[in-house]
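Participant: Here's a structure for you.
The values are calculated or read from the model by the stated rules, or taken from the named source; none is laboratory data. Keep in mind it's a predicted model, so treat the numbers as computed, not measured. Virtual Cβ from ideal backbone geometry, glycine too; neighbours counted across all protein chains shown.
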Amino acid sequence: MVGWTGALVALLYLMAHYVRTKTIDRHADSENSRGRPLIRALGLRRGDEHLDARVRERTAELTHANEELAKAQRRAEEANISKTRFLVDAGHDILQPLNAARLYASALTEQLGDPHQRSLAASLDSSLEAVESIFNTLLDISRLDAGAVKPAISVFALNTLLQQVIGDFLPAALRKGLELKLVESSAIVATDRNLLRRLLQNLVSNAIKYCKSGKILVGVRRRGQMLEVQVLDTGIGIARSKLDIIFREFSRLCEGMKESDGLGLGLSIVERIAKTLDMSVEVRSCLGKGSVFSVQMPVSKTRASTPVNEIPALRHPSSLDGLAILCIDDDEHSLSAMKALLQSWGCKVDMLSHSGALSSFCQNHTAPPDVILADYNLGDATGLDLVEYARSHYDCQIRAALVTAERSNQLRDDAMSANVSVINKPVKPAALRALLSHFQLTDSCG
C-alpha cells in the first residue's frame with residue numbers, strides 16, 4: 001500500500017512539475033512573442049541608420065567627384081580659351097611678316113621679265129600661301145572649339161554664294177581638266193554668309209583635290225522646309241568602313257595621300273562650322289566612283305538682303321596707273337612691301353608709319369588721296385579713326401579699306417557702317433587689285 005501511495009505521490013509530483021514547466025514555457029513564449037516586434041523594430045532602425053549613413057557617404061563621394069570633374073572641366077575650358085587667345089595674339093605677329101613676304105613675292109613676280117625667274121617667284125608665293133593656309137586652318141579650329149566664333153546671321157540668296165564658290169575654284173578645276181558646274185537655285189537662307197562660304201569652299205576644294213578626271217557638280221535640293229546643298233564628284237571615293245574617320249583632325253586616307261598633299265584638316269573644319277551654324281553634314285561614297293557631301297539647312301521665308309561692301313570680282317582688272325594711294329601701317333616691312341606691289345601696278349604711293357603723321361600729311365597735301373589703305377590697330381588710334389579724320393579734313397568720302405589681321409565680326413560691322421572695305425592679312429594681290437579697280441571706277445571725290 002505504501003508502495004502504491006509513494007508511486008502515486010511521485011506521479012502527482014511529476015504531473016505538477018510538467019504543468020508548471022509548460023506554464024513557464026507558455027509564459028516565456030508569450031513574453032518572447034511580445035518582444036519580437038520590438039527587436040525587429042530595433043533591427044530595422046539600425047539597418048535604416050546604416051543605410052542612411054551609406055547613402056550620405058556615397059552622396060558625399062559623388063558630390064566631391066562632380067566638383068572635381070567641374071573643376072577639371074573649367075581648367076580645360078580656361079586652357080582652351082588661353083590657347084585661343086595665344087593663337088590670336090601670336091597670329092597677328094606671325095601674319096605681319098607673312099603678309100610682307102607675300103607682297104614682296106607678288107611685287108617681284110610683277111617686275112621680273114625672265115619666265116624662269118617669274119616661275120621661281122610664283123613658286124615662292126605659292127609656298128607662302130600654303131603656310132598661310134595651314135596657320136589659318138589651325139587658328140580656325142582653335143577658335144571654333146573655344147566657341148569664339150559667333151555666327152553673324154543674314155538673309156541672302158544661296159545661289160549668289162554658290163556662284164562665288166564656283167568662281168573661287170574654277171581656275172583650279174580647269175588646270176586639272178575637270179568640269180566644275182553649278183545647278184542654279186532660287187533658295188533663300190538665313191545664316192552666317194562667311195562661315196557657310198568657308199564650309200562649301202572646303203568641300204569643293206576636297207572634291208577637286210581627289211578627282212582625277214570627270215566633273216564636280218554643286219547644286220541644291222529642296223526637302224520640305226529644309227535645303228540640301230550637295231557637292232558631287234567623280235573622284236577616288238571613300239570606302240564605307242572609313243566614312244566615320246574622315247572628319248577627324250589630321251585624318252588622311254592612304255588613297256587620298258597619293259592624290260594630294262595636305263594635313264587632313266579640311267573636313268574637320270567643315271564639321272565644326274556646321275555645328276556652329278546648327279547644320280548637319282552627310283556623306284555617301286563609293287570607292288573608285290566618287291562621293292556626295294550634303295549640307296542640310298532650313299529654308300528662309302524672309303526676303304534676301306542686298307550684299308553690301310563686298311570686294312568685287314573682276315575678270316579683267318583695269319589699269320591702275322596714276323591712282324594715288326595713302327598707305328598707313330605701323331609695321332615697316334608690311335608698309336614697304338605694299339608700296340613695292342602698288343608701284344609695280346603704276347600707283348602713286350604715300351606711306352605713313354604711325355597715326356600721328358596723318359595730320360601733317362593732310363596739311364601738306366591740298367588734294368585728297370584716291371584711296372586710303374590702313375591697318376586697323378595703330379596704337380592710340382584705329383584705321384577707322386584715321387579714315388574718318390581724312391574724310392572730314394577733305395570733306396569728301398575717300399574710298400578706303402582696312403588691311404588687317406583682325407577677323408572679328410564686330411570689326412566688319414563697324415567697317416560696313418563707316419563704308420570702309422576690309423581686306424585680311426596676308427593680302428591676296430588679286431583681291432586687292434580687284435578692289436582698287438572698283439574704287440577707281442567709283443571715284444567719290446572728283
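Participant: Return the residues of region 316-360 that are of a type in the set (Ser, Thr, Tyr) and either surrounded by fewer than 20 Cβ atoms within 10 Å (Cβ to Cβ) or part of a loop (DSSP other than H, G, I, E, B) (or both); say none if nothing qualifies. Walk me through how you get there before you give the answer.
Facilitator: Here is the first cut: in region 316-360, the ones of a type in the set (Ser, Thr, Tyr) are 318-319, 334, 336, 344, 353, 355, 359-360.
Within region 316-360, SER318, SER319, SER336, SER344, SER353, SER355, SER359, SER360 meet the criteria.
Participant: Pick out the one residue from VAL218, VAL155 that is buried (at least 16 other Cβ atoms within 10 Å of the Cβ), assigned by TED's automatic domain parsing to the domain that holds VAL270 and farther than 26 Å from ALA405 by Cα.
Facilitator: None of the others qualify; the one that does is VAL218.
Participant: How many residues are surrounded by 15 or more Cβ atoms within 10 Å (Cβ to Cβ) and modelled with pLDDT of 70 or more if we restrict to region 63-105?
Facilitator: 11
Participant: Is it true that SER280 is among the polar types (S, T, N, Q), under 30 Å from CYS211 (Cα atoms), surrounded by 19 or more Cβ atoms within 10 Å (Cβ to Cβ) and modelled with pLDDT of 90 or more?
Facilitator: Taking the combined requirement at face value, the residue does not satisfy it.
Every residue, every condition in (1) within 19 Å of ILE273 (Cα to Cα); (2) of a type in the set (Asp, Glu), yes or no:
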site	(1), (2)
GLU179	no, yes
ILE188	no, no
ARG193	yes, no
ARG197	yes, no
ASN202	yes, no
ALA207	yes, no
GLY214	no, no
GLN225	no, no
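Participant: If you don't mind, another one. Does ARG143 count as within 15 Å of LEU195 (Cβ to Cβ), out of contact with any strand residue (DSSP E or B) (no Cβ under 6 Å at 6 or more places or on another chain) and basic (Lys, Arg)?
Facilitator: The answer is yes for ARG143.
Participant: Take region 388-424 and flag every residue that is on the phi < 0 side of the Ramachandran plot and among the acidic types (Asp, Glu). Step through it out loud before you land on a result.
Facilitator: Restricting attention to region 388-424, the residues satisfying the condition of being on the phi < 0 side of the Ramachandran plot are 388-394, 396-418, 420-424.
Answer for region 388-424, where residues must be on the phi < 0 side of the Ramachandran plot and among the acidic types (Asp, Glu): GLU388, GLU406, ASP413, ASP414.
Participant: Would you pick out the residues in region 378-404 that are under 26 Å from GLU132 (Cα atoms) and buried (at least 16 other Cβ atoms within 10 Å of the Cβ)?
Facilitator: LEU378, THR382, GLY383, LEU384, ALA400, ALA401, LEU402, VAL403, THR404
Participant: Here's something else I'd like to know. Can you name the condition, by its number, that ARG407 falls short on among (1) assigned to a loop (DSSP other than H, G, I, E, B); (2) buried (at least 20 other Cβ atoms within 10 Å of the Cβ)?
Facilitator: Only one criterion in (1) assigned to a loop (DSSP other than H, G, I, E, B); (2) buried (at least 20 other Cβ atoms within 10 Å of the Cβ) is unmet by ARG407, namely (2).
Participant: If you don't mind, another one. Check whether at least one residue in region 239-257 is in contact with an Asp or Glu (Cβ under 7 Å, 6 or more places away or on another chain) and either at pLDDT 85 or above or not aromatic (Phe, Trp, Tyr) (or both), and report yes or no.
Facilitator: no
Participant: Restricted to region 189-204, and to residues that are surrounded by fewer than 19 Cβ atoms within 10 Å (Cβ to Cβ) and in contact (Cβ under 8 Å) with a residue 60 or more places away in the chain, which residue is farthest from ASP140 (Cα to Cα)?
Facilitator: ALA190
Participant: Here is a follow-up. Could you list, ordered by first residue, the pairs with Cβ atoms under 6 Å in which the first is in region 393-421 and in contact (Cβ under 8 Å) with a residue 24 or more places away in the chain and of a type outside the set (Lys, Arg) and the second is surrounded by fewer than 18 Cβ atoms within 10 Å (Cβ to Cβ) and assigned to a helix (DSSP H, G or I), at least 6 apart or interchain?
Facilitator: As it stands, the answer is HIS393/CYS362; ALA405/HIS92, since those pairs meet every condition given.
Participant: Looking for something in a loop (DSSP other than H, G, I, E, B) and touching a strand residue (DSSP E or B) at 6+ places or on another chain (Cβ under 9 Å) - is there at least one such residue anywhere in region 383-393? Explain how you work it out, then say what you get.
Facilitator: Looking only at region 383-393, we keep the residues that are in a loop (DSSP other than H, G, I, E, B), and these are none.
There is no residue in region 383-393 that is in a loop (DSSP other than H, G, I, E, B) and touching a strand residue (DSSP E or B) at 6+ places or on another chain (Cβ under 9 Å).
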